[in-house]
1. Based on what the data block shows, is A197 more than 10 Å from ligand 1 (Cβ to nearest atom), out of contact with any helix residue (DSSP H, G or I) (no Cβ under 9 Å at 6 or more places or on another chain) and touching a residue at least 12 places away in the same chain (Cβ under 8 Å)?
2. Return the total of residues in segment 30-82 being within 16 Å of A159 (Cβ to Cβ) and in a loop (DSSP other than H, G, I, E, B).
3. For S76, state whether it is away from ligand 1 (no atom under 16 Å from the Cβ) and surrounded by fewer than 20 Cβ atoms within 10 Å (Cβ to Cβ).
4. Given the conditions (1) touching an Asp or Glu at 6+ places or on another chain (Cβ under 6 Å); (2) in contact (Cβ under 8 Å) with a residue 24 or more places away in the chain; (3) under 24 Å from K132 (Cβ atoms), which single one is not true for S76?
5. Does segment 102-128 hold any residues that are open to solvent by 30 Å² or more (accessible area, probe 1.4 Å), over 21 Å from A280 (Cβ atoms) and not in a strand (DSSP E or B), and which are they?
6. List the number of the failed condition for D52; all other conditions in (1) within 16 Å of ligand 2 (Cβ to nearest atom); (2) farther than 28 Å from P281 by Cβ hold.
7. Scan segment 129-176 for residues that are in a loop (DSSP other than H, G, I, E, B), open to solvent by less than 20 Å² (accessible area, probe 1.4 Å) and within 16 Å of ligand 2 (Cβ to nearest atom) and jot them down.
Amino acid sequence: MQRIESYDIARWDGPFPRATQEAAIEALETGHVLFFPRLAFAVTEAERRLLDATASDGRSKNVSYDPATGETKGTSLAGDDLALLSGMVKRFAASARSLMHGLFPRYDAALEQARTSFRPSEIAGRVQPWRKDDTRLHVDAFPTRPLRGRRILRVFSNADPDGAPRRWVVGEAFEDHAARFLPKLRAPIPGSAQALALLGLTKSPRSRYDHMMLELHDAAKRDDAYQRAARAAVPEALFPAGTSWMVFTDQVPHAALAGRNAFEQTFHFDPSAMANPSRAPISVLERLSGRAMV
Ligand code: SIN
Ligand code: FE
């Protein structure tokens, strides 16, 4: 099954033809990566020197911008350089928002624009503990911010000035992925969600959904045999410099093997805004396990 679908879109702001919107929402919700080979994020001459690993502070992988607070974190740049960097990341945030608005008007009212990131550092060769190692296939689930079934949709753009592609592997359908690991996932320990929230380790109590998604993330990353087989099963997905793509990263197993100077925007929203909410991971997990997840 081909899980990457190309769209001939060359601008971040619509309007886009209705047929494109309809095809795009169907492909996205059924777990495809939408690939935009002609959609580049333009970096100005002045910004070009920021496309370098030194833009990050060395501790964080990514520079991140929070549209809610206007704060830029994870960078050691200051003064004029910091202003230039924030301006560039904010422009990507606005571009991604405009693409969402043009392609998916039905998500508009539900959409929460979360962090924007700039990912200057080369992925290949970076050593990470297995749980943080995104070169291993996984679905996204984050330990501190419970989502209670809300979706994670991410827009990426490769802006590498030297033309290095971003190399990914895209895995199996969510149903298959969840069914494969479900027997191995541990149930939450009663009271643990409240304890983690009280200790300030999570921003709110984890639901069963959050717990199961974290278990799924960990079970896949930990399983060497699965990683080897899944990577051997499909050709790599190459996202050349000057292209963009988007995907539900809570639904589509993905691994990022190599690349640098990418931008990423995260959106969250309630599955009720989907054209077909039964495709959301929460619905799939409820069907497979026979249990309510929130
Ligand atoms: C990830 O979400 O696992 C990393 C994606 C990327 O940085 O290309
Ligand atoms: Fe991920």
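The values are calculated or read from the model by the stated rules, or taken from the named source; none is laboratory data. These numbers were taken from a predicted model, which means no experiment stands behind them. Ideal geometry is used to build each Cβ from the backbone, glycine not excepted, and the neighbour counts take in all protein chains shown. Heavy atoms of the whole protein, side chains included, go into the accessibility calculation; ligands, DNA and RNA do not. Shrake-Rupley method; radii C 1.70, N 1.55, O 1.52, S 1.80 Å.
1. Details: more than 10 Å from ligand 1 (Cβ to nearest atom): yes; out of contact with any helix residue (DSSP H, G or I) (no Cβ under 9 Å at 6 or more places or on another chain): yes; touching a residue at least 12 places away in the same chain (Cβ under 8 Å): no.
Considered against the rule, which asks whether it is more than 10 Å from ligand 1 (Cβ to nearest atom), out of contact with any helix residue (DSSP H, G or I) (no Cβ under 9 Å at 6 or more places or on another chain) and touching a residue at least 12 places away in the same chain (Cβ under 8 Å), A197 comes out as no.
2. 13
3. yes
4. Checking S76 against (1) touching an Asp or Glu at 6+ places or on another chain (Cβ under 6 Å); (2) in contact (Cβ under 8 Å) with a residue 24 or more places away in the chain; (3) under 24 Å from K132 (Cβ atoms), the one that fails is (2).
5. Answer for segment 102-128, where residues must be open to solvent by 30 Å² or more (accessible area, probe 1.4 Å), over 21 Å from A280 (Cβ atoms) and not in a strand (DSSP E or B): E122, A124, G125, R126, V127, Q128.
6. (1)
7. L137, V139, D140, A141, G171
Conditions (1) away from ligand 1 (no atom under 13 Å from the Cβ); (2) farther than 26 Å from L216 by Cβ, marked per residue:
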residue: H101; (1), (2): yes, yes
residue: L111; (1), (2): yes, no
residue: I123; (1), (2): no, no
residue: Q128; (1), (2): no, no
residue: R131; (1), (2): no, no
residue: F142; (1), (2): no, no
residue: R151; (1), (2): yes, no
residue: R154; (1), (2): no, no
